[in-house]
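The structure under discussion appears below in the form of structure tokens.
Since every read-out is calculated from the coordinates, none of them should be taken as a lab result. In this text, all values refer to a predicted model and were calculated from it rather than measured experimentally. So basically every Cβ, Gly included, is an ideal-geometry build from the backbone, and we count neighbours across all protein chains shown.
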Amino acid sequence: MGIMAKQGFSDEMSFVKQWKPGKESVRLSGFRIKAQSPELANEKKHLSDILKNAGAIERTDGMEIHLNLSPLAPPIGESFWKNLKERQSFQMNVASESIRILSPSPEGVFYGIETLARMIGSDARIPCGEVVDWPDIPIRMIMLDPARQNENFDFYKRVIRFCSKYRINSILIHLTDDQTSCLFHEDYPWLMHPQAWKPDQIRDLVKYAAQFHIELIPEIESFGHAEMFVRHPEFRDILHQTDKKTRGDSWYGTDVEGFTNVLCPASEKTYVYLEKMYRRAAETFSSSLIHIGCDEVDMTRCSRCEAKFPGISSSEWFRTHLLRCKDLVEKNGRKTALWGDMILKNPDILNGFPPKDVIIYDWHYREDTKAETSRFFKDKGFEVVGCPALVCSPHMVIPAKRNFENIRIFSDIARENDLMGLNATIWVPTRYLSDILWQGIAYAAERSWGGGHFDEESFYKDFMRDFYGSEEGGAFYKTWKDLTSITWYRNEFNAGCWMNEKSLQNAQTLASSKANLVKDYLKKLQAIKGEWKRLGSSVKTNREAWNAIERSTIIFEYSMKHLMASEEVRKQGKADAQLIRDLDRECVQAINWIEEDWNRNRYPDDPNKNGLYLPEQHILFRFKQMHDYHGKMLEE
């Protein structure tokens, strides 16, 4: 261990609230950890692993690092959640001969350790000084969507490790939806994803997450989003009846005449199913919550409901179902969480609905989100989690500027209105490469922990250094902002990915109307690609994630080039073979990239790899269709 001159570290500590720099820095070549309490055994091991990975050696004459449990009183201010924030706070002192991390809880000590990890510079150098930090928002989470696209457990463990570095402490697991159930239950085999999560797998993942102080919260859709039941003819009567013949323009419908995608409160099969799924969730997840979904419900009535609930309003009918779900959750010793959108549409649902032990997840995915709805739920006595989106409809391939603005605004709302938590939702993984998410997750996490003093450019500089091992954070910040500012949503993307005669005609129409805009976008993307290539030479770590940024940019660009080529692929009624071959060469390259990402993070034998679910939001399936159509055109 040696003493070195401090060089500019005060500029590199924007991720903590209070930093008093010393006059020097220390080189941590050797260390020995002293944990005050057996409660800190997990944290001691975690710190040892971090320091060894940084090149330091554990030895008896190394620098002493003390981990202590101790009360702290950081200047948090008035908050209903003050005790929870204090519990997660920590103080860290780095001196020339020792380091000391104090917190009231092992969780807070863990956050101090992760902060220390981010302070380690080149040659295991750490700045001397004092850090005091605490979260703005007590519950900081993301939501994953394995119901729409299951990913493998190696990927989920990577997500957990990454989230812990940015002090996320909860992950909502969206386990069921219209497409599949990712929560295995032997009584409903026709609902299950082929790799639905078995009890032992869940317990292993829950235990793994607990090492990083992350709670996994199960969500079971309990009203709408239940189309998967139409796959089994004998069980279709669990669903609402409808007089609509087919799905039509409404996603509430199904492909089976007479049924919508809503569980029917007049069918006892509904509550048998929910009781079994809640029990399975309670047996395998250690969370104090079960999230029951209940968003985006078609509140039309069916003949079965009319017979069982004659003369009651839709709001009463909805409330009756919520109360019954809440009762089933509480029988399993859990609290209830649910999405708030249907209550906002029908506030009378709350008449007679007790707020005690119920958490409302208030979701809004626009950049002009307001605080009124969260205040409404708080005034009604509910605990509230604000829910922006990192990925949602209509975004494809790359999270957009609109998503980051939505997260920024909602983090301000959560902090200023003393909400319980912030949950950045991530929907439909088939829309993007899995490895495109990391900077967005980190952004949401840092906004949740310290949005009150957040500096965006400093965040991107820190992220580029911490995750990619590069000092080019300023250039990354500007280029990433340029990329996410391009507004190219699902309708435009899909039109550009034409794959039959009808979609080719649609593409030609859009190409004519968007020609000038696309020309500007392609020029911008050309510059962005050049900058990614330049910055790539400075990337030392997480190369696969960096590849995802470069490749996603090219995929974005390709959909625009493909759109504009729609007007040129046939000349005088004959296919332009050379143009089609050129287009297809890039198409095949993109397919290879997407499959590489898929096979690393998902299951190679997943039937959804070939577009079984949500094909219009499935970039791999879409590109394979394009490739097939190119071949047919070349045969003309």
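Here the residues T115, T180, T60, ranked from fewest to most Cβ neighbours within 10 Å of their Cβ, fall in the order T60, T115, T180.
Looking only at the range 488-516, which residues have a backbone nitrogen under 14 Å from a spot 7 Å from the Cα of R581 in the C-beta direction? No residue qualifies, since no backbone N sits under 14 Å from the label point.
With contacts taken as Cα pairs under 8 Å at a separation of at least 6 residues, the range 480-634 carries a relative contact order of 31 percent.
Given contacts defined as C-alpha pairs under 8 Å and at least six residues apart, what's the relative contact order of the range 438-543, whole-number percent? Write down the numbers at each step before the final one.
On the way: 63 pairs, mean separation 33.2, N = 106.
Once divided by the residue count of the range 438-543, the mean separation gives 31 percent.
Between K481 and N42, the contour length at 0.36 nm per residue exceeds the alpha carbon distance by 154.2 nm.
Please report the antiparallel percentage of DSSP beta bridges with both residues in the range 2-133, rounded to the nearest 5.
On the way: 20 of 33 bridges.
Beta bridges within the range 2-133, antiparallel portion: roughly 60 percent.
Close amide-amide hydrogen proximity is noted between D455 and no other residue 5 or more places distant or on a separate chain, at a cut-off under 5 Å (H modeled in the peptide plane; Pro and chain starts excluded). For the pair A54 and D255, label points projected 7 Å from Cα toward Cβ lie 5.4 nm apart. When Kirkwood radius over Cα pairs in Å is calculated for this entry, the matching label among (i) 26.4; (ii) 24.7; (iii) 30.7 is (i). DSSP beta bridges confined to the chain are antiparallel in about 35 percent of cases. For the range 168-179, backbone phi angles converted through the Karplus equation (6.51, -1.76, 1.60; θ = phi - 60°) give residue-by-residue couplings of 6, 10, 8, 9, 7, 10, 7, 8, 9, 7, 4, 7 Hz, Gly and Pro being listed as x.
Pairs to check: K157/K609; K82/K157; K165/K380; K401/K540. Give those whose C-alpha atoms are more than 24 Å from each other in this structure.
Numbers: K157/K609 22 Å; K82/K157 30 Å; K165/K380 35 Å; K401/K540 27 Å.
Correct reply: K82/K157; K165/K380; K401/K540.
Between the DSSP loop rule and a limit of at most 16 other Cβ atoms within 10 Å, which GluC sites (Glu not before Pro) in the range 534-581 are left?
Filter output for the range 534-581: E567, E568.
Across the options L338, T541, T479, the greatest Cα extent toward the positive end of the charge dipole of the chain (unit charges at beta carbon of Lys, Arg, Asp, Glu) belongs to T541. Think of each Lys and Arg Cβ as +1 and each Asp and Glu Cβ as -1; about the Cα centre, that makes the dipole of the chain roughly 700 debye. Positive end of the dipole of the range 480-634 (Cβ unit charges, origin at the Cα centre): among L517, F621, G573, the Cα lying farthest that way belongs to L517. Distance between the 7 Å Cα→Cβ label points at R203 and E567: 6.3 nm. Summing Lys and Arg as +1 and Asp and Glu as -1 over all other residues whose Cβ lies under 14 Å from the Cβ of T430 gives a net charge of -1.
Database remark: amide H of I99 closer than 5 angstrom to the amide H of E64, I65, H66 (H placed geometrically; neighbours at sequence offset of 5 or more, or on other chains; Pro and chain starts carry no H). Between amide H atoms placed 1.01 Å from N, distances below 5 Å from F31 occur with I57, E58, R59, G62, M63, all of them 5 or more places distant or on a separate chain.
For the chain, what does -39500 (n - 2.57) per DSSP helix run (n ≥ 4), summed and divided by total residues, give at 222 nm, in deg cm²/dmol to the nearest 500? Write out the running numbers ahead of the final one.
Working: 19 runs with 274 residues, N = 636.
That comes out to -14000 deg cm²/dmol.
Dipole orientation for the range 156-275: of the candidates H185, Y166, T270, Y166 has the Cα lying most toward the positive pole (charges on Cβ; Lys, Arg +1; Asp, Glu -1).
Counted by Cβ distance under 12 Å from Q18, the other residues give a net charge of 0, where Lys and Arg count +1 and Asp and Glu count -1.
State, as an integer percentage, the relative contact order of the chain based on alpha-carbon contacts under 8 Å between residues 6 or more apart.
Working: 1180 pairs, mean separation 69.0, N = 636.
Relative CO of the chain lands at 11 percent.
The residues neighbouring P74, those whose beta-carbon lies less than 14 Å from its own, together hold a net charge of 0 under the Lys/Arg +1, Asp/Glu -1 convention.
Along the chain, the exposed loop sites are chymotrypsin sites (Phe, Trp or Tyr not before Pro) outside DSSP states H, G, I, E and B with at most 16 other Cβ atoms within 10 Å, and the longest stretch free of them is 252-488.
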